[in-house]
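These notes concern the structure reproduced below.
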Amino acid sequence: MTTPLLKLSQISKSFSTNYALSNISLEVNPGEVLCLLGDNGAGKSTLIKVLSGVHKPTAGTIEVNGAPVVFDSPKDAGDFGIATVHQYGGTFPLMSVARCFFVGKEPTKGVWPFQYFDKKTAGEITVTEMQKLGITRVTDGNRLVGSLSGGERQSLAIARAVYFGAKVLILDEPTSALGVKQATHVLRLIMQARAQGIAVIFVTHNVMHAMAVGDQFAVLIHGKKADGFRKGERTREQITDLMAGGEAMAELEAELAELTGPVRLP
Ligand SMILES: Nc1ncnc2c1ncn2[C@@H]1O[C@H](COP(=O)(O)OP(=O)(O)OP(=O)(O)O)[C@@H](O)[C@H]1O
Ligand SMILES: [Mg+2]
């Protein structure tokens, strides 16, 4: 048995009296994609925030390479090689692409205290790193992040994580707002990161996207881990039914059949 890179044991998180997470245990290994599935409000983003040092768990432990850790801030999680691309925001529309890539890690010229942001080097590195991920239309580091497409912004965030040596890359719903082509691109990036030995945690509602890249899966329902399985152990229908609650799906089908029943094409 090898020690997992990241291990969560019995993690719970409450906001006042409401439990957003109860007793979640998970493990991730290098070069593996863990897909976190679940409906709206299931607790996916909350779990990601616990993992990335945004929230402290109410109970439970986090271990990195077998040693217990406490993240007091996102920077702490970052120091352990955990890079997170959050569901909302994370990039700054009015910042240049290069600034955003290096935010908090600016390359500097000169000697302290006369250092300044080395814009030219930052721009070159950013453009090169994005090109490595197949983004060839961004050729100027001075471009504003707000002018990038959703997929390009995701790529920027992923390129940044990979460049600064992330060991665990967490992506919260990276494909939800994207078209088919851009989503496929992000899925390809996930596979690239996996091939480099990075552990990826991929949060999504989309069972197809999850099945395309996942090695292992966890389904959250109302803050609890309803199921955990490895690739090939469940069918798409089984996963979809579980996420929606089997009964709810059957009811919906009956309702839809009623609605569509009377429609007759001439
Ligand atoms: N800061 C907070 N304070 C109070 N309640 C919160 C807070 N953050 C999340 N919650 C609650 O915790 C539950 C889980 O929310 P979370 O954002 O983790 O869901 P999710 O699975 O990411 O949903 P979605 O698929 O819509 O992104 C929700 O009921 C939410 O209202
Ligand atoms: Mg969420």
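What follows is calculated from the coordinates using simple rules that are stated; it is not laboratory data. Quantities reported herein were computed from a predicted structural model and do not represent experimental measurements. Every residue, glycine as well, gets a Cβ built from its backbone with ideal geometry; the counts of neighbours run over all protein chains shown.
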query: When the Cα centres of region 176-243 and region 125-149 are compared, how far apart do they sit, in Å?
result: 26 Å
- line: Taking r as the C-beta separation of V69 and S14 and R0 as 22 Å, the FRET efficiency to the nearest 0.05 is 0.60
- prompt: How much space per residue, in cubic angstrom, does the convex hull of the C-alpha atoms of region 166-226 take up?
  reply: 92 Å³
task: Would you mind classifying region 43-182 by shape? Square roots of the alpha carbon gyration tensor eigenvalues, ordered a ≥ b ≥ c; an a/c under 1.5 is rounded, otherwise it is prolate if a/b is larger than b/c and oblate if not.
output: oblate
Global geometry of the chain, whether rounded, prolate or oblate, following the gyration tensor of its Cα atoms and the 1.5 cut on a/c: oblate
task: Name the most mobile residue of T184, T136, T84, meaning the one with the largest mean-square fluctuation, in a Gaussian network model of the chain with Cα contacts below 10 Å.
output: T136
statement: GNM of the chain, Cα pairs under 10 angstrom: of R160, R194, R230, the biggest fluctuation goes to R230
message: Which aspartates and glutamates, if any, have their Cα less than 19 Å from the Cα of K119, not counting same-chain residues under 8 positions apart?
response: E106, E129, D140
- line: So, with points 7 Å from each Cα along the Cβ direction, the H222-T136 label distance in nm works out to 5.2 nm
- prompt: Which of the lysines could a cross-linker span from K225 if the Cα-Cα distance has to be under 30 Å and same-chain partners fewer than 8 positions apart are dropped?
  reply: K7, K13, K44, K49, K56, K75, K167
message: Please list log₁₀ I(q)/I(0) at q = 0.19 Å⁻¹ for region 125-223, using the Debye equation with identical point scatterers on the alpha-carbon positions.
response: -0.93
query: For T58, which sequence-distant residues (separation of 5 or more, or a different chain) have an amide H within less than 5 Å of its own amide H, given hydrogens modelled in the peptide plane?
result: S12, K13, S14
task: Decide, for region 117-175, between rounded, prolate and oblate: order the square roots of the alpha carbon gyration tensor eigenvalues as a ≥ b ≥ c, take rounded if a/c falls under 1.5, and otherwise choose prolate if a/b is larger than b/c, else oblate.
output: oblate
Positive-end residue of G123, L47, L144, charge dipole of the chain with Cβ unit charges: G123
